[in-house]
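Okay, structure first, notes after.
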Amino acid sequence: ITNNNNKNNDSEDDSSSASSVEHNWVRSAFYVQGICCASEIPAVRKIVKPLKGVSRLNINLTTKVVHVQHDVSLIHANQIANALTTQGFPTQIQKDGAHMAQAKQQALSTDAKNGRTTLHAKGILRERDVANIEATLTQLE
């Protein structure tokens, strides 16, 4: 259990998948109306954590948002929301990780068809870095 020294944020990670099983991890966000105090965190955790395909959850009391990392091939966001709602925590899906992953995959597929490539740079890029990258890419043509 990670506390992060923040009384409004409670998270737990159980992504100990040492097996070679292929997972389709996504992260979904849920607005859970029934969460009003820290004493309800264990109840929410007890509902969500045992669901097959859930590996990690983070509960933010201030915003009443629960972020869940789950394997979309085993459980969907609507199933998680329904589990919480039926146990007395009315829940709305804020972000369905499966839809986000599908949209990203479609964008990548479209870029590949159009001959485009997207590069992601970590850290700070300076103007001279951009010039160096452009020069290197030009040589590849």
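Every number here is computed from the coordinates shown, using simple stated rules; none is lab data. Values in this document were obtained by computation on a predicted structure and should not be read as measured data. Glycine gets a Cβ as well: all are built from the backbone with ideal geometry, and neighbour counts include every protein chain shown.
Each of the peptides 68-76, 85-93 was scored by the mean count of other Cβ atoms within 10 Å over its residues; in descending order, highest first, they stand as 68-76, 85-93. Placing a pseudo-label 7 Å from each Cα along the Cα-to-Cβ vector at L140 and A121 gives an inter-label distance of 1.4 nm. Counted residue by residue at 0.36 nm each, then reduced by the alpha carbon distance between them, the extension gain from K64 to D129 reaches 19.2 nm. Near S73, the amide H atoms lying under 5 Å from its own belong to N24; only residues 5 or more places off or on other chains count, and H is placed 1.01 Å from N.
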